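Report on one structure; see the data block that follows.
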Amino acid sequence: MSVLNKTKTAFDSITQFIEYLKDQGFEYIRFELPDLHGVSRSKVVPIDKVESFTSKGLNFYGGCLALDTASMVVPGSGYHGERKYRDLLLIPDLDTLTPVPWIEKTAKVICDPVWSAKEPVEVAPRYILKQLLAEAAQLGFDVMMGHEFEFYLLNQETKEPLFDGLHIFNNIRNQYVPEITQLLEYLRASEIDVITHNCEYGPSQFEINYGPSTGIRGADKAFTFKNAVKEIVHQLGYHATFMSKPFINKSGCCCHFHISLIDRNTGNNAFVDKNDKYGLSATAQAFIQGILDHAEAMMPLVNPTPNCYRRLKPHTFAPSNISWGIEDRSAMVRVKVTDDESTHVEMRAASGLSNPYLSAAATLAAGLLGIKQQRQLQPSVEGPSEDNPNLPKLPQTLEEALSRLATDVDMQNILSQEFVHLFTTVKRFELARFHEHLTEWERHEYLDVY
(Lines give C-alpha, C1' and ligand atoms only; values in the text may rest on other atoms or scores of the structure.)
Protein backbone atom coordinates (compact mmCIF):
# COMPACT_ATOMS: atom_id res chain seq x y z
CA MET A 1 0.00 0.00 0.00
CA SER A 2 1.35 3.43 -0.90
CA VAL A 3 2.20 5.75 1.95
CA LEU A 4 0.93 8.62 -0.17
CA ASN A 5 -2.48 6.99 -0.60
CA LYS A 6 -2.69 6.24 3.12
CA THR A 7 -1.87 9.75 4.23
CA LYS A 8 -4.34 11.41 1.87
CA THR A 9 -7.11 10.41 4.29
CA ALA A 10 -4.88 10.91 7.36
CA PHE A 11 -4.37 8.58 10.29
CA ASP A 12 -7.22 8.42 12.80
CA SER A 13 -4.90 8.02 15.78
CA ILE A 14 -1.27 7.72 16.79
CA THR A 15 -1.89 4.05 17.48
CA GLN A 16 -3.04 3.52 13.90
CA PHE A 17 0.02 5.44 12.69
CA ILE A 18 2.39 3.20 14.66
CA GLU A 19 0.61 0.04 13.50
CA TYR A 20 0.98 1.18 9.91
CA LEU A 21 4.71 1.86 10.34
CA LYS A 22 5.25 -1.62 11.76
CA ASP A 23 3.10 -3.22 9.06
CA GLN A 24 5.24 -1.55 6.39
CA GLY A 25 8.43 -2.81 8.02
CA PHE A 26 9.86 0.59 8.98
CA GLU A 27 12.40 0.44 11.79
CA TYR A 28 13.53 4.08 11.87
CA ILE A 29 11.61 7.34 11.46
CA ARG A 30 13.25 10.70 10.84
CA PHE A 31 11.71 13.68 12.59
CA GLU A 32 12.60 16.55 10.21
CA LEU A 33 12.46 20.28 10.95
CA PRO A 34 12.65 22.70 7.99
CA ASP A 35 15.04 25.39 9.19
CA LEU A 36 15.26 29.06 8.21
CA HIS A 37 17.23 28.16 5.08
CA GLY A 38 15.05 25.27 3.92
CA VAL A 39 17.57 22.69 5.13
CA SER A 40 16.35 19.61 6.98
CA ARG A 41 17.45 19.40 10.62
CA SER A 42 16.53 15.97 11.93
CA LYS A 43 16.79 13.25 14.53
CA VAL A 44 16.42 9.54 13.75
CA VAL A 45 14.05 7.68 16.07
CA PRO A 46 13.87 3.86 16.38
CA ILE A 47 10.39 2.48 15.82
CA ASP A 48 9.88 1.49 19.47
CA LYS A 49 10.35 5.14 20.54
CA VAL A 50 8.22 6.76 17.86
CA GLU A 51 4.88 6.54 19.69
CA SER A 52 6.14 8.40 22.75
CA PHE A 53 7.79 11.20 20.76
CA THR A 54 4.79 11.48 18.45
CA SER A 55 2.40 12.02 21.35
CA LYS A 56 4.63 14.15 23.59
CA GLY A 57 6.99 15.78 21.10
CA LEU A 58 10.70 15.26 20.45
CA ASN A 59 13.10 17.60 22.23
CA PHE A 60 15.25 19.71 19.90
CA TYR A 61 17.47 22.75 20.36
CA GLY A 62 15.18 25.77 20.35
CA GLY A 63 17.65 28.02 18.56
CA CYS A 64 17.84 25.85 15.43
CA LEU A 65 15.66 28.33 13.58
CA ALA A 66 18.07 31.16 14.43
CA LEU A 67 21.28 29.57 13.16
CA ASP A 68 22.91 31.09 10.11
CA THR A 69 24.08 29.20 7.01
CA ALA A 70 27.22 28.05 8.84
CA SER A 71 25.12 26.95 11.85
CA MET A 72 26.57 29.77 13.92
CA VAL A 73 24.60 31.11 16.88
CA VAL A 74 23.29 34.57 15.95
CA PRO A 75 23.18 37.05 18.86
CA GLY A 76 20.21 39.37 19.09
CA SER A 77 17.89 37.01 17.25
CA GLY A 78 15.79 36.41 20.35
CA TYR A 79 16.15 32.63 20.20
CA HIS A 80 19.47 31.73 21.83
CA GLY A 81 20.73 33.32 25.04
CA GLU A 82 17.56 35.38 25.25
CA ARG A 83 15.68 32.11 25.88
CA LYS A 84 18.45 30.50 27.96
CA TYR A 85 19.25 28.17 25.05
CA ARG A 86 16.13 26.16 25.84
CA ASP A 87 14.69 23.23 23.90
CA LEU A 88 11.60 23.19 21.78
CA LEU A 89 9.50 20.14 20.84
CA LEU A 90 9.01 18.68 17.38
CA ILE A 91 5.44 17.58 16.67
CA PRO A 92 5.24 15.37 13.56
CA ASP A 93 2.64 16.06 10.91
CA LEU A 94 1.57 12.46 10.31
CA ASP A 95 0.17 13.30 6.89
CA THR A 96 3.71 14.02 5.67
CA LEU A 97 4.90 10.43 6.20
CA THR A 98 7.02 9.35 3.24
CA PRO A 99 9.57 6.56 2.77
CA VAL A 100 13.30 7.22 2.51
CA PRO A 101 13.95 4.46 -0.03
CA TRP A 102 17.71 5.01 -0.32
CA ILE A 103 18.07 4.04 3.37
CA GLU A 104 16.82 0.63 4.44
CA LYS A 105 13.60 0.44 6.51
CA THR A 106 13.48 4.22 7.05
CA ALA A 107 10.70 6.79 6.63
CA LYS A 108 10.35 10.45 7.54
CA VAL A 109 7.84 12.97 8.83
CA ILE A 110 7.98 16.76 8.63
CA CYS A 111 7.55 18.37 12.03
CA ASP A 112 6.20 21.61 13.42
CA PRO A 113 8.11 23.14 16.35
CA VAL A 114 6.32 24.17 19.55
CA TRP A 115 7.45 25.49 22.93
CA SER A 116 4.52 23.69 24.52
CA ALA A 117 1.19 22.16 23.52
CA LYS A 118 -0.38 25.62 23.53
CA GLU A 119 2.53 27.66 22.19
CA PRO A 120 3.72 27.17 18.60
CA VAL A 121 7.07 28.56 17.46
CA GLU A 122 5.61 31.32 15.36
CA VAL A 123 8.78 32.19 13.43
CA ALA A 124 9.10 28.73 11.84
CA PRO A 125 8.92 29.10 8.02
CA ARG A 126 6.31 26.35 7.76
CA TYR A 127 4.18 28.13 10.38
CA ILE A 128 4.48 31.45 8.50
CA LEU A 129 3.25 29.84 5.28
CA LYS A 130 0.40 28.07 7.10
CA GLN A 131 -0.80 31.42 8.49
CA LEU A 132 -0.82 32.93 5.00
CA LEU A 133 -2.71 29.94 3.63
CA ALA A 134 -5.26 30.46 6.39
CA GLU A 135 -5.56 34.12 5.41
CA ALA A 136 -6.11 33.09 1.78
CA ALA A 137 -8.83 30.71 2.98
CA GLN A 138 -10.56 33.55 4.85
CA LEU A 139 -10.59 35.49 1.59
CA GLY A 140 -12.21 32.49 -0.09
CA PHE A 141 -9.24 30.82 -1.76
CA ASP A 142 -7.23 27.63 -1.64
CA VAL A 143 -3.70 27.88 -3.02
CA MET A 144 -2.24 25.64 -5.72
CA MET A 145 1.54 25.81 -5.90
CA GLY A 146 4.60 24.17 -7.40
CA HIS A 147 8.33 24.88 -7.22
CA GLU A 148 10.57 24.32 -10.25
CA PHE A 149 14.27 23.95 -9.35
CA GLU A 150 17.57 23.80 -11.22
CA PHE A 151 20.70 22.29 -9.70
CA TYR A 152 24.24 21.30 -10.66
CA LEU A 153 25.46 17.70 -10.46
CA LEU A 154 29.19 17.85 -9.70
CA ASN A 155 32.20 15.66 -9.07
CA GLN A 156 32.19 14.94 -5.34
CA GLU A 157 35.92 15.52 -4.94
CA THR A 158 36.61 18.51 -7.21
CA LYS A 159 33.13 20.11 -7.10
CA GLU A 160 33.50 20.64 -10.87
CA PRO A 161 30.89 19.83 -13.58
CA LEU A 162 30.78 16.34 -15.10
CA PHE A 163 30.84 17.77 -18.64
CA ASP A 164 31.41 21.11 -20.36
CA GLY A 165 29.56 23.16 -22.94
CA LEU A 166 25.93 24.19 -23.40
CA HIS A 167 23.71 21.21 -24.03
CA ILE A 168 20.16 21.97 -22.92
CA PHE A 169 17.84 18.99 -23.54
CA ASN A 170 20.74 17.05 -25.09
CA ASN A 171 19.81 13.37 -25.05
CA ILE A 172 23.23 12.10 -23.96
CA ARG A 173 23.61 14.76 -21.26
CA ASN A 174 20.12 14.08 -19.89
CA GLN A 175 21.35 10.75 -18.51
CA TYR A 176 25.07 11.34 -18.70
CA VAL A 177 25.83 8.90 -15.87
CA PRO A 178 23.67 5.91 -14.84
CA GLU A 179 23.25 7.30 -11.34
CA ILE A 180 20.84 9.91 -12.73
CA THR A 181 18.34 7.14 -13.44
CA GLN A 182 18.82 5.89 -9.89
CA LEU A 183 18.15 9.41 -8.59
CA LEU A 184 14.86 9.55 -10.50
CA GLU A 185 13.81 6.13 -9.23
CA TYR A 186 14.53 7.07 -5.62
CA LEU A 187 12.61 10.34 -5.96
CA ARG A 188 9.57 8.57 -7.37
CA ALA A 189 9.76 5.95 -4.62
CA SER A 190 9.73 8.76 -2.05
CA GLU A 191 6.38 10.00 -3.43
CA ILE A 192 7.78 12.79 -5.63
CA ASP A 193 5.55 12.66 -8.72
CA VAL A 194 8.25 13.31 -11.32
CA ILE A 195 6.87 14.73 -14.57
CA THR A 196 10.02 15.44 -16.59
CA HIS A 197 13.80 15.37 -16.27
CA ASN A 198 16.39 17.06 -18.50
CA CYS A 199 19.79 18.67 -18.53
CA GLU A 200 19.62 22.45 -18.34
CA TYR A 201 21.50 25.29 -20.03
CA GLY A 202 24.62 25.10 -17.90
CA PRO A 203 27.12 22.25 -18.17
CA SER A 204 26.13 19.50 -15.71
CA GLN A 205 23.07 21.49 -14.69
CA PHE A 206 19.76 19.62 -14.42
CA GLU A 207 16.07 20.20 -13.83
CA ILE A 208 13.59 17.65 -12.48
CA ASN A 209 9.97 18.78 -12.51
CA TYR A 210 7.13 17.31 -10.48
CA GLY A 211 3.44 18.06 -10.05
CA PRO A 212 1.88 20.91 -8.06
CA SER A 213 -0.10 20.41 -4.85
CA THR A 214 -2.66 22.35 -2.86
CA GLY A 215 -1.73 24.23 0.30
CA ILE A 216 1.14 23.33 2.59
CA ARG A 217 1.69 20.05 0.73
CA GLY A 218 3.11 22.01 -2.21
CA ALA A 219 5.89 23.46 -0.08
CA ASP A 220 6.36 20.18 1.81
CA LYS A 221 6.98 18.43 -1.51
CA ALA A 222 9.57 21.05 -2.51
CA PHE A 223 11.32 20.70 0.85
CA THR A 224 11.40 16.91 0.48
CA PHE A 225 12.60 17.14 -3.13
CA LYS A 226 15.54 19.45 -2.49
CA ASN A 227 16.83 17.65 0.57
CA ALA A 228 16.34 14.26 -1.11
CA VAL A 229 18.33 15.31 -4.19
CA LYS A 230 21.22 16.49 -2.00
CA GLU A 231 21.27 13.30 0.05
CA ILE A 232 20.71 10.79 -2.75
CA VAL A 233 23.37 12.34 -4.97
CA HIS A 234 25.82 12.29 -2.06
CA GLN A 235 25.19 8.60 -1.49
CA LEU A 236 25.65 7.94 -5.21
CA GLY A 237 29.12 9.50 -5.08
CA TYR A 238 28.43 12.97 -6.50
CA HIS A 239 27.64 16.44 -5.18
CA ALA A 240 24.42 18.37 -5.92
CA THR A 241 24.10 22.10 -5.36
CA PHE A 242 21.16 24.48 -5.72
CA MET A 243 23.51 27.44 -5.13
CA SER A 244 22.41 30.46 -7.19
CA LYS A 245 25.68 31.07 -9.02
CA PRO A 246 28.31 28.42 -8.27
CA PHE A 247 30.28 29.38 -11.42
CA ILE A 248 30.53 33.02 -12.47
CA ASN A 249 30.63 32.23 -16.21
CA LYS A 250 27.86 29.61 -16.18
CA SER A 251 24.09 29.63 -15.75
CA GLY A 252 22.57 30.33 -12.38
CA CYS A 253 20.16 28.03 -10.56
CA CYS A 254 16.59 29.26 -10.25
CA CYS A 255 13.42 28.41 -8.44
CA HIS A 256 10.47 29.30 -10.65
CA PHE A 257 7.49 29.41 -8.32
CA HIS A 258 4.10 28.61 -9.87
CA ILE A 259 0.91 29.64 -8.09
CA SER A 260 -2.82 30.01 -8.65
CA LEU A 261 -5.83 30.51 -6.39
CA ILE A 262 -8.82 28.16 -6.28
CA ASP A 263 -12.27 29.47 -5.42
CA ARG A 264 -13.30 27.55 -2.29
CA ASN A 265 -16.99 27.77 -3.18
CA THR A 266 -16.84 26.59 -6.78
CA GLY A 267 -13.55 24.72 -6.95
CA ASN A 268 -12.67 26.72 -10.08
CA ASN A 269 -9.45 28.55 -10.89
CA ALA A 270 -9.97 32.09 -9.55
CA PHE A 271 -7.41 33.51 -12.01
CA VAL A 272 -9.46 32.81 -15.15
CA ASP A 273 -11.72 35.29 -16.95
CA LYS A 274 -12.19 34.45 -20.61
CA ASN A 275 -13.87 37.81 -21.23
CA ASP A 276 -10.84 39.81 -20.12
CA LYS A 277 -8.35 41.00 -22.75
CA TYR A 278 -5.58 39.13 -20.93
CA GLY A 279 -7.78 36.17 -20.00
CA LEU A 280 -7.19 37.10 -16.36
CA SER A 281 -9.72 37.76 -13.62
CA ALA A 282 -9.67 40.88 -11.45
CA THR A 283 -8.38 38.63 -8.65
CA ALA A 284 -5.44 37.49 -10.76
CA GLN A 285 -4.61 41.03 -11.84
CA ALA A 286 -4.66 42.33 -8.27
CA PHE A 287 -2.53 39.38 -7.16
CA ILE A 288 0.08 40.10 -9.86
CA GLN A 289 0.15 43.80 -9.02
CA GLY A 290 0.68 42.93 -5.36
CA ILE A 291 3.80 41.01 -6.33
CA LEU A 292 5.06 43.98 -8.34
CA ASP A 293 4.25 46.43 -5.52
CA HIS A 294 6.20 44.41 -2.97
CA ALA A 295 8.85 42.90 -5.23
CA GLU A 296 11.73 44.66 -3.51
CA ALA A 297 10.65 43.50 -0.05
CA MET A 298 10.24 39.95 -1.35
CA MET A 299 13.82 39.76 -2.56
CA PRO A 300 15.65 38.78 0.65
CA LEU A 301 13.15 35.97 1.20
CA VAL A 302 13.53 34.56 -2.30
CA ASN A 303 17.21 35.50 -2.74
CA PRO A 304 18.63 35.14 0.77
CA THR A 305 22.41 35.13 0.12
CA PRO A 306 24.84 37.64 -1.44
CA ASN A 307 25.58 35.12 -4.20
CA CYS A 308 21.93 35.16 -5.35
CA TYR A 309 22.25 38.66 -6.79
CA ARG A 310 24.92 37.53 -9.27
CA ARG A 311 22.14 35.65 -11.07
CA LEU A 312 19.64 38.49 -11.55
CA LYS A 313 21.14 39.97 -14.72
CA PRO A 314 19.68 40.77 -18.16
CA HIS A 315 19.86 38.16 -20.91
CA THR A 316 20.41 35.24 -18.54
CA PHE A 317 16.81 33.88 -18.51
CA ALA A 318 16.56 35.46 -15.07
CA PRO A 319 14.62 38.67 -14.31
CA SER A 320 16.49 41.88 -13.64
CA ASN A 321 13.61 44.34 -13.21
CA ILE A 322 10.13 44.55 -11.69
CA SER A 323 7.94 43.45 -14.54
CA TRP A 324 5.20 41.15 -15.76
CA GLY A 325 4.13 39.78 -19.10
CA ILE A 326 2.16 37.06 -20.80
CA GLU A 327 4.65 34.26 -21.50
CA ASP A 328 7.56 36.68 -21.02
CA ARG A 329 10.55 34.62 -19.84
CA SER A 330 12.53 37.75 -19.04
CA ALA A 331 9.89 39.17 -16.66
CA MET A 332 9.80 38.76 -12.91
CA VAL A 333 6.18 37.59 -13.22
CA ARG A 334 5.52 35.40 -16.22
CA VAL A 335 1.80 34.75 -16.67
CA LYS A 336 0.70 31.47 -18.18
CA VAL A 337 -2.74 32.09 -19.70
CA THR A 338 -4.38 28.93 -21.02
CA ASP A 339 -8.08 29.90 -20.78
CA ASP A 340 -8.66 26.91 -18.51
CA GLU A 341 -7.82 25.58 -15.06
CA SER A 342 -4.08 25.63 -15.85
CA THR A 343 -3.87 29.45 -15.95
CA HIS A 344 -1.36 30.55 -13.30
CA VAL A 345 1.41 32.93 -12.31
CA GLU A 346 5.09 32.01 -12.49
CA MET A 347 7.28 34.12 -10.19
CA ARG A 348 10.75 33.76 -11.72
CA ALA A 349 12.95 35.81 -9.38
CA ALA A 350 13.62 33.18 -6.69
CA SER A 351 16.96 31.43 -6.37
CA GLY A 352 17.32 27.66 -6.45
CA LEU A 353 18.72 27.82 -2.91
CA SER A 354 15.71 29.68 -1.51
CA ASN A 355 13.66 28.10 1.27
CA PRO A 356 10.51 26.76 -0.47
CA TYR A 357 8.30 27.74 2.47
CA LEU A 358 9.58 31.31 2.30
CA SER A 359 9.53 31.69 -1.50
CA ALA A 360 5.90 30.57 -1.32
CA ALA A 361 5.17 32.81 1.68
CA ALA A 362 6.72 35.91 0.10
CA THR A 363 4.83 35.47 -3.17
CA LEU A 364 1.53 34.66 -1.48
CA ALA A 365 1.88 37.51 1.02
CA ALA A 366 2.50 40.09 -1.71
CA GLY A 367 -0.31 38.71 -3.87
CA LEU A 368 -2.83 38.71 -1.03
CA LEU A 369 -1.93 42.32 -0.24
CA GLY A 370 -2.73 43.15 -3.84
CA ILE A 371 -6.13 41.45 -3.56
CA LYS A 372 -6.99 43.03 -0.21
CA GLN A 373 -6.05 46.46 -1.54
CA GLN A 374 -7.86 45.83 -4.86
CA ARG A 375 -4.82 46.90 -6.83
CA GLN A 376 -5.16 47.63 -10.55
CA LEU A 377 -2.65 45.85 -12.77
CA GLN A 378 -0.20 48.09 -14.56
CA PRO A 379 0.13 47.54 -18.33
CA SER A 380 2.73 45.06 -19.52
CA VAL A 381 5.42 46.29 -21.90
CA GLU A 382 6.06 45.41 -25.52
CA GLY A 383 8.91 43.03 -26.20
CA PRO A 384 11.05 41.34 -23.55
CA SER A 385 10.73 43.16 -20.24
CA GLU A 386 14.48 42.98 -19.61
CA ASP A 387 15.08 45.33 -22.56
CA ASN A 388 12.87 48.11 -21.23
CA PRO A 389 14.98 50.78 -19.47
CA ASN A 390 11.93 52.41 -17.88
CA LEU A 391 11.13 49.52 -15.56
CA PRO A 392 12.52 49.69 -11.98
CA LYS A 393 15.44 47.39 -11.31
CA LEU A 394 15.37 44.66 -8.72
CA PRO A 395 17.70 45.17 -5.73
CA GLN A 396 21.27 44.45 -6.73
CA THR A 397 22.55 43.27 -3.34
CA LEU A 398 21.25 41.50 -0.27
CA GLU A 399 21.95 44.66 1.76
CA GLU A 400 19.68 46.67 -0.52
CA ALA A 401 17.00 43.98 -0.45
CA LEU A 402 16.98 43.83 3.37
CA SER A 403 16.64 47.61 3.47
CA ARG A 404 13.60 47.42 1.19
CA LEU A 405 11.97 44.83 3.45
CA ALA A 406 12.70 47.09 6.44
CA THR A 407 10.66 49.90 4.86
CA ASP A 408 7.69 47.81 3.66
CA VAL A 409 5.39 47.85 6.67
CA ASP A 410 2.60 45.93 4.94
CA MET A 411 4.90 43.01 4.16
CA GLN A 412 6.32 43.03 7.68
CA ASN A 413 2.86 42.90 9.18
CA ILE A 414 1.49 40.14 6.96
CA LEU A 415 4.61 38.00 7.50
CA SER A 416 4.77 38.99 11.22
CA GLN A 417 7.14 41.47 12.80
CA GLU A 418 8.76 38.77 14.94
CA PHE A 419 9.62 36.62 11.94
CA VAL A 420 11.01 39.57 9.97
CA HIS A 421 13.18 40.53 12.95
CA LEU A 422 14.57 37.01 13.24
CA PHE A 423 15.14 36.63 9.51
CA THR A 424 16.84 40.00 9.01
CA THR A 425 19.00 39.60 12.14
CA VAL A 426 20.31 36.25 10.88
CA LYS A 427 20.89 37.60 7.37
CA ARG A 428 22.74 40.69 8.56
CA PHE A 429 24.92 38.46 10.74
CA GLU A 430 25.78 36.39 7.67
CA LEU A 431 26.49 39.54 5.69
CA ALA A 432 28.92 40.76 8.32
CA ARG A 433 30.84 37.49 8.01
CA PHE A 434 30.72 37.78 4.22
CA HIS A 435 32.27 41.25 4.25
CA GLU A 436 35.02 40.15 6.63
CA HIS A 437 36.19 37.54 4.12
CA LEU A 438 39.31 38.32 2.03
CA THR A 439 38.81 37.16 -1.55
CA GLU A 440 41.44 35.81 -3.93
CA TRP A 441 40.41 38.50 -6.41
CA GLU A 442 41.54 41.20 -3.96
CA ARG A 443 44.89 39.50 -3.43
CA HIS A 444 45.51 39.07 -7.19
CA GLU A 445 44.36 42.60 -7.98
CA TYR A 446 46.15 44.58 -5.27
CA LEU A 447 49.04 42.56 -3.79
CA ASP A 448 51.57 43.44 -6.50
CA VAL A 449 50.35 46.76 -7.83
CA TYR A 450 50.31 48.35 -4.38
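Note down the net charge around P75, summing +1 for each Lys or Arg and -1 for each Asp or Glu among other residues with Cβ under 12 Å from its Cβ. Intermediate results must be reported in sequence, preceding the final value.
On the way: positive: R428; negative: D68, E82.
Computed value for this residue: -1.
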> Relative contact order for the chain: what is it in percent, counting Cα pairs under 8 Å that are at least 6 residues apart?
Replying inline: 15
> Which peptide among 150-159, 29-38 comes first, and what is the full order, when sorted by highest mean count of other Cβ atoms within 10 Å?
Replying inline: 29-38, 150-159
> Leaving out ligands, DNA and RNA but keeping every protein chain, what accessible area does C199 have, in Å² rounded to the nearest 10, with a 1.4 Å probe?
Replying inline: 0
> When Lys and Arg each count +1 and Asp and Glu each count -1, what net charge do the other residues less than 14 Å away from E185, Cβ to Cβ, add up to?
Replying inline: -2
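For region 181-221, what does the relative contact order come out to in percent, with C-alpha contacts under 8 Å and a separation of six or more? Could you put the intermediate results ahead of the total?
Working: 32 pairs, mean separation 11.8, N = 41.
Over region 181-221, the number comes to 29 percent.
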> Where in region 333-413 are there GluC sites (Glu not before Pro) that are in a DSSP coil and have at most 16 other Cβ atoms within 10 angstrom of their Cβ?
Replying inline: E341, E382
> Which value, in Å² and to the nearest 10, is the accessible area of L236 when all protein chains are kept and the probe is 1.4 Å?
Replying inline: 50
> What aspartates and glutamates sit close enough to K221 to cross-link, taking a C-alpha to C-alpha distance under 14 Å and skipping anything fewer than 8 places away on the same chain?
Replying inline: E32, D93, D95, E148, E191, D193
>> Output wanted: per-residue J couplings in Hz (rounded whole) for region 393-408, from phi through Karplus 6.51 cos²θ - 1.76 cosθ + 1.60, θ = phi - 60°, x for Gly and Pro.
In response: 7, 5, x, 9, 9, 5, 4, 5, 5, 4, 5, 5, 5, 5, 9, 9
>> Could you work out [θ]222 nm for the chain from helices alone, using -39500 (n - 2.57) per DSSP H run of at least four and dividing by all its residues? Round to the nearest 500 deg cm²/dmol.
In response: -10500 deg cm²/dmol
> Relative contact order (percent) for region 138-268, with alpha-carbon contacts under 8 angstrom and 6 or more residues of separation?
Replying inline: 43
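Looking at region 1-127, send over the antiparallel percent of its DSSP beta bridges, to the nearest 5.
Details: 20 of 25 bridges.
That works out to approximately 80 percent antiparallel.
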>> 7 Å from Cα along Cα→Cβ at both T106 and T407: what's the point-to-point distance in nm?
In response: 4.8
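State in Å² the accessible area per residue of region 245-376; use a 1.4 Å probe, count heavy atoms of protein chains only, and round to the nearest integer. Don't jump to the answer; show the numbers that get you there.
On the way: 4350 Å² over 132 residues.
The answer is 33 Å² per residue.
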>> Probe radius 1.4 Å, ligands and nucleic acids left out: which of F53, F60 has the largest accessible area, and how do the rest follow?
In response: F53, F60
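Can you sort Y357, Y446, Y85 by solvent-accessible area, 1.4 Å probe, largest first? Don't skip to the answer; put the middle values down first.
Numbers: Y357 0, Y446 100, Y85 135 Å².
Result, largest first: Y85, Y446, Y357.
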> Sorted by accessible area (1.4 Å probe), largest first, how do K118, K49, K427 line up?
Replying inline: K118, K49, K427
> Which value, in Å² and to the nearest 10, is the accessible area of Y210 when all protein chains are kept and the probe is 1.4 Å?
Replying inline: 20
>> Checking the cross-link filter: which lysines have an alpha carbon closer than 24 Å to that of K372, excluding same-chain neighbours under 8 positions apart?
In response: K130, K274, K277, K336
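The values are calculated or read from the model by the stated rules, or taken from the named source; none is laboratory data. Please read all numbers here as calculations on a predicted model, not as lab measurements. Cβ: placed from backbone, ideal geometry, glycine included. Neighbour counts: every protein chain shown. Note: accessible area is taken over every heavy atom of the protein model, side chains too, but ligands, DNA and RNA are not part of it. Shrake-Rupley method; radii C 1.70, N 1.55, O 1.52, S 1.80 Å.
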